[in-house]
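No lab work stands behind these numbers, since they all come straight from the coordinates. All of these numbers come straight from a predicted model, not from anything done at the bench. Virtual Cβ from ideal backbone geometry, glycine too; neighbours counted across all protein chains shown.
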């Protein structure tokens with residue numbers, strides 16, 4: 001940009017100089033000399049303006065480079081083996097980083113050569129850096145067609161993950177990511193792992209975020225779907241219905257929270273509610289409605305809290321949230 005500015009100013013000055021000389025030929029010598037002197041002054045002023053503009057441009061470019069200094073981005077696993085089929089056992093991908101401003105909102109994209117970056121769907125409010133300028137979030141699960149073009153997912157390839165400032169759209173950091181596609185044709189497939197290395201639950205402040213996959217409400221039941229990590233005494237990827245046996249129970253400590261990362265949904269034929277009356281929670285869901293942006297339950301007191309449907313309190317079996325000291 002600075003080069004284009006310099007060239008443009010030089011051409012402009014040359015045009016002015018030539019025009020002045022030609023017009024001066026019609027007058028006497030003294031008039032021409034005066035006009036040339038005036039043009040020389042204009043050229044000097046233009047050159048000074050060029051230097052100032054170049055300095056401002058360099059300062060801006062340095063500022064933009066400095067915006068990304070210190071920001072880091074890590075993807076685990078760095079070599080990911082894409083699930084071969086739509087199975088309940090699927091790999092998660094975890095994104096983490098540091099060097100952001102406290103509370104800074106960020107966006108993640110995945111890009112392939114010739115393909116526009118696809119925004120990574122992250123759950124809930126976990127698109128914002130902590131008070132220490134760090135973040136660590138896991139995807140709800142990698143499935144065909146969810147992140148990239150299905151044909152690219154089939155072949156796999158080398159991708160670029162980018163970290164952006166959501167408000168300014170400034171690029172903060174990048175990192176490569178190798179994907180072993182479903183066809184297993186990539187040369188790095190032999191080094192890939194079947195699933196991601198899932199870290200401990202994300203700790204924010206004094207509490208822990210327990211990530212469950214979904215809660216499904218139907219006509220006469222609630223269904224808890226556990227994610228890829230065993231939780232609350234249930235096996236990974238298990239499904240527990242509230243109207244079977246003793247139903248299901250989630251036990252956490254005060255200060256902890258539960259994140260429904262994939263979706264809270266109504267698969268029934270009428271309106272249903274997710275109600276935890278003593279915690280002031282009563283969410284209405286119309287038939288086939290899904291909340292997919294991450295629903296968080298964070299109790300503010302200790303106790304045993306019944307999870308039911310306020311429109312039919314006794315019609316969905318047993319579901320219970322226990323909060324301890």
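Once you compute Rg and the Kirkwood Rh from C-alpha atoms, what is the Rg to Rh ratio for the range 195-325?
Ratio of gyration radius to Kirkwood radius for the range 195-325: 0.94.
As a footprinting exposure proxy, order 216, 239 by other Cβ within 10 Å, with the fewest listed first.
239, 216
Express in nm, to one decimal, how much length is gained between residue 187 and residue 293 on full extension, taking 0.36 nm for each residue of separation and deducting their alpha carbon distance.
Gain in length upon complete extension: 34.6 nm.
Using mean Cβ contacts within 10 Å as the protection proxy, how do 172-182, 310-320 order, highest first?
For the peptides 172-182, 310-320, the packing ranking is 172-182, 310-320.
Rounded to the nearest 0.05, what FRET efficiency do residue 78 and residue 45 give with R0 = 56 Å and r taken as the Cβ-Cβ distance? Could you check?
The calculated FRET efficiency here is 0.50.
Among 153, 132, 35, what is the fewest-to-most ranking by other Cβ atoms within 10 Å?
The fewest-first ordering by Cβ neighbours comes to 132, 35, 153.
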